[in-house]
1. Is it fair to say R308 is basic (K, R), crowded, with 16+ Cβ neighbours inside 10 Å and without any contact (Cβ under 8 Å) to a residue 60 or more places away in the chain?
2. Identify all residues within the range 255-284 that are assigned to a loop (DSSP other than H, G, I, E, B), under 27 Å from P353 (Cβ atoms) and touching a Phe, Trp or Tyr at 6+ places or on another chain (Cβ under 6 Å); write none if there are none.
3. For the list (1) touching a Phe, Trp or Tyr at 6+ places or on another chain (Cβ under 7 Å); (2) free of Cβ contacts under 8 Å to residues at least 60 places away in the same chain; (3) in a helix (DSSP H, G or I); (4) not acidic (D, E), I need the number of the one condition that I290 fails.
4. In the range 222-281, how many residues are surrounded by 20 or more Cβ atoms within 10 Å (Cβ to Cβ), hydrophobic (A, V, I, L, M, F, W, C) and within 30 Å of Y179 (Cβ to Cβ)?
5. Within the range 89-104, is there a residue that is within 18 Å of G369 (Cβ to Cβ), hydrophobic (A, V, I, L, M, F, W, C) and under 13 Å from the mean Cα position of the chain (by Cα)?
6. Would you mind finding the one in S71, S60, S136 that is small (G, A, S) and over 30 Å from E231 (Cβ atoms)?
7. Which residue, of A386, A401, A325, is under 18 Å from Q99 (Cβ atoms), at pLDDT 95 or above and part of a helix (DSSP H, G or I)?
8. Of the residues I397, I355, which is closer than 25 Å to A93 by Cβ, of a type in the set (A, V, I, L, M) and buried (at least 23 other Cβ atoms within 10 Å of the Cβ)?
Amino acid sequence: MVQRGPSQPEEVIDSSCEQDKFKRLPLSETLTKKPETFHAETIIVGGGVIGCAIAFELASRGQEVLLVEQSEIASGASCAAAGMLAADSEDFAHPLMAQAAYDSRELLHKHKEQISALTGMDLGLRRNGFITPFRSYGDLSKYKDKRNTTSGVQQLWWDRSTVQREALWLNRDTYGAYYRSLESEVLPVSLTRAYARSAEMMGARILEGVQDVQLIVDKHGVQGIKTAKGEMCCKHIIIAAGLHGEQLMHQVGVVLPSSPVKGEMLAVRFTTDQAGGRPDRTVYAEDVYIVPKANGEVWIGATSLPGRKDHSVSANSMQRLLGAASYWVPGIKEADFVRAWAGIRPSTPDGLPYIGKCEGISGLYAAYGHFRNGILLSAITGRWIADMVEGKSAEEIGIEAFSPERLNRKGVMS
């Protein structure tokens, strides 16, 4: 791909793991230089959307940042996500998660302007709204009864006639639907790489292919990391390595468990003569989600398989997803199949991410365990971690519920 200057928007690219691997957006030569000894105020371990969002936020504040990634930027869970910013549609069990989702969604829209001005990159970020449809009044009642998140949700009720007027492509037998106009979606790989590129342009350094990271700490706290590419000194280390975060923390005696949850997805594409059956808004149903993307594809997901670490995709899962999706959007039956993929998402024992300082080791921070909300919570996680690096406490920010020490306090790990 030809690299364009900041004044020209980047082509909107496909954003799933397998397809996008052959369309990498080139980052700077910094990524391929072999360092001897680096020094930075802050080292971020992990080049997914969380790590890159933190790098972006710190660099925008003038902080000296080095990000290291064991493979490539956006090569893990971030490249397998659907990219939904479902702050109103997702049902959050904890009120802080709900508020964080709203705040992060809006912050990401603000970041879009800064990122576009810096890089000219297109994130595929669109606010087209989400539709949650129902087959019957009974299904609607069950949905209302089990919802945790009710207050503050921005939504309209569409009756059958409104659905048929506003969403001609939706099943004509739909009883009704909630429409949430503020909901948005983004191309996950494009977002992650845009965060990385923007951070670089503001002075951050990014190194890919940095494996076998060893944390260096002493009685005074964080000293740096040691890798096959050299020793890197710092005052702060932020672990944003997803499922690898637990292993890294174990090196220094910090126990922050996470477990894998596999999710499978697929993509279809509508031809020009099938355009009338293509959804123009995300369908966020109880049994499936259907996400029209800026790259012309429609993504369908997702399964949830706890404990699975493999990236295989089963025919049974594809049959189930396509069956559910084609019920709501009948035109999917005639669409062209493009590909399928799977990603592994990190879940924590209580379902909340680890965001904050690790007590007992000065300068060590955790930022992982976001499960299915990594893309959604990336912007606000970056802001919170940057605030803490600059001296704010979790109590001042109001995020004690995400503290890495909370499981010990609750006796979850006793």
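The values are calculated or read from the model by the stated rules, or taken from the named source; none is laboratory data. The structure presented is a predicted model; accordingly, all values stated were derived computationally and were not measured. Note that each Cβ is placed from the backbone with ideal geometry, even for glycine, and that neighbours are counted across all protein chains shown.
1. Values: basic (K, R): yes; crowded, with 16+ Cβ neighbours inside 10 Å: yes; without any contact (Cβ under 8 Å) to a residue 60 or more places away in the chain: yes.
The answer is yes for R308.
2. L256
3. (3)
4. 6
5. Yes, there is a match, as at least one residue in the range 89-104 is within 18 Å of G369 (Cβ to Cβ), hydrophobic (A, V, I, L, M, F, W, C) and under 13 Å from the mean Cα position of the chain (by Cα).
6. Only one candidate passes the filter, namely S136.
7. Within the list A386, A401, A325, the selection yields A401.
8. Unique residue meeting the criteria: I355.
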